[in-house]
Structures are given as structure tokens and as C-alpha cells.
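The values are calculated or read from the model by the stated rules, or taken from the named source; none is laboratory data. No experiment lies behind these values; they were computed from the predicted model shown. Quick reminder, even Gly has a Cβ in these numbers, built from the backbone with ideal geometry, and neighbours come from all protein chains shown. These accessible areas exclude ligands, DNA and RNA; they are computed on the full protein's heavy atoms, side chains included. Shrake-Rupley method; radii C 1.70, N 1.55, O 1.52, S 1.80 Å.
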Amino acid sequence: MNSTFLALQQVIQGRRTTKPPKMNGRFIPDEQIQEILALADWAPAHGHTEPWRFVVYAKEKVQDFCLTHAVLYKKHTAPELFKETTYEKLLHMGDQASHVILAYMQRGDLPKIPALEEVAATSCAIQNLLLGATALGIATYWGSGGMAYKPPMKALLNLRVEDSVLGILYLGYADSPDAAGKRLVPIEEKVRWV
């Protein structure tokens, strides 16, 4: 096998989700964050729309974001649906993370390109970021909970109606090794050759 393919295979198969509380609080150099964001920028995009956008929080700004997120949840959740445990989870989600990155799709100006393709392109950019982090030994978590997909988060980011938040990425280092990977459905059941 080609050595480039084998290296890529190792990174892809080695990527894991690490929940932020399992991170150890060590700081990732901002230069490495910039490097993985540069990889994100090489995602495919129909019509060269490049719809991916990222907002990066580092150091004390991580806690600022987590507080803002928790307050958004409390302010915009009906009292009968509000859970103190969810509030506390959002408030402390980044306690051990080095960086938090909000990833969103900024809809392009080419109406002939479906919004779904813009979401797919942004998702590819996020995957590039996650794989780059894995190659650098950085633990990641792609979160979608709390207010991630709700209008108050869009308002916080000054997004337009046609834009979409695709997740909150927590990055850090973890001391414990990643669990072994698994797939529940064999590849043969997911592919049909004609």
C-alpha cells in the first residue's frame, strides 16, 4: 500500500470523540489551531462558495463563551423545560478544554447552489479540522447540544436567517488513551455495487 494512504487511513481510523470533561486543561498553541483551521479551508465547495466560518475562543474566552451559552439556555428556555443540570453542564463544558470553536455555514450568493450543499461543504471543513487535530494529538468533541442550533445562538453570532450553526467544537488534550473504534454495521451492508 501507498505510504500516504496508510498515514491517512491511520488518522481517519484513529479519530475519536473525547468529551470535554476528559480533557486535561493543557493549552494548545494557537499556531496549531491556525494550522488545523487552514486544513479546514481545503474542503470541497460547489461553485467555490467556501461557506465555512469559524469563531475561535481561547484561554479565558472559553469560560466566557460557556457562561454566555449557559445564560442563553436559561434565558430562552421555558421554566417548565429548564433543567439546572443542563445549565451547569453548559456552564462547565469547557472547564478542561483549551479552545472552543463555533462552526457555521454562511450561505453563499449563488442561489442555484442548494443550501444542503453548503451544509455538506461546511461539514467537510469540520471533518478536515477534526482529522488535522487527530494528527497533532489533539482531542476533539463536536457538540450540538444546548443552544447550538437555536435562534439565540445565531443571534449571538450575528448570523442571517439563511446561515446555520453546525456545531460547537471543543479542543484540548486528554491523558487517557482513546477507546478502540467500532462500527455497528458492516461496510458490506452500506455499499451496493451495480
Requested in this report: In whole Å, largest first, what are the principal axis extents of the Cα atoms in the stretch 142-194?
Outcome: 43, 43, 14
Query raised in the report: Around Asp163, which amide H atoms from residues at least 5 apart in sequence, or from another chain, sit under 5 Å from its own amide H, with H modelled in the peptide plane?
Result: Arg107
Report task. Taking the Cα centre of the stretch 87-194 as origin, work out the dipole magnitude from +1 charges on Lys and Arg Cβ and -1 charges on Asp and Glu Cβ, in debye rounded to 20. Result -> 260
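Quick check: at a probe of 1.4 Å, how many percent of the accessible area of the stretch 38-152 sits on carbon and sulfur atoms? Write out the running numbers ahead of the final one.
Working: 3540 of 5980 Å².
Accessible surface attributable to carbon and sulfur in the stretch 38-152 totals 59 percent.
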Requested in this report: Kindly provide the trypsin sites (Lys or Arg not before Pro) of the stretch 43-130 that DSSP labels as loop, not H, G, I, E or B, and whose Cβ sees at most 13 other Cβ atoms within 10 Å.
Outcome: Lys59, Lys83, Lys112
Requested in this report: Express in % the proportion of alpha carbon pairs of the chain at distances exceeding 21 Å.
Outcome: 57
Query raised in the report: What translational D, rounded to a whole number of µm²/s, comes out for the stretch 1-43 from Stokes-Einstein when the hydrodynamic radius is the Kirkwood one over Cα pairs, at 4 °C and 1.567 mPa s?
Result: 100
Report summary line: Too long for a 30 Å Cα-Cα cut-off, among Lys89/Lys190; Lys61/Lys154; Lys89/Lys182, are Lys89/Lys190
Query - For the stretch 65-144, size of Cβ-based charge dipole, Lys and Arg +1, Asp and Glu -1, in debye - result: 80
Query raised in the report: With contacts defined as alpha carbon pairs under 8 Å and 6 or more residues apart, what's the relative contact order of the chain in percent?
Result: 34
Query - Rg and Dmax [Cα atoms of the stretch 1-110; Å; Rg one decimal, Dmax integer] - result: 17.9, 58
Query raised in the report: Check Glu50: other-chain or 5+ apart residues with amide H under 5 Å from its amide H, H built from backbone geometry?
Result: none
Requested in this report: Express in % the proportion of alpha carbon pairs of the stretch 92-162 at distances exceeding 17 Å.
Outcome: 55
Requested in this report: Hand me the chymotrypsin sites (Phe, Trp or Tyr not before Pro) from the stretch 117-194 located in a DSSP loop with no more than 14 other Cβ atoms within 10 Å, in residue order please.
Outcome: Tyr149, Trp193
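Over the chain, with the other protein chains present, what is the accessible area per residue in square angstrom, probe 1.4 angstrom?
So the chain comes to 61 Å² accessible per residue, rounded to a whole number.
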Report summary line: Residue-ordered couplings for the stretch 147-164, obtained by feeding phi - 60° into the Karplus form 6.51 cos²θ - 1.76 cosθ + 1.60 and rounding to whole Hz (Gly and Pro as x), are 9, 3, 9, 9, x, x, 6, 4, 5, 4, 8, 6, 8, 7, 4, 7, 8, 9
Report task. Quote the relative contact order of the stretch 79-194 in percent (integer), defining contacts as alpha-carbon pairs under 8 Å separated by 6+ residues. Result -> 36
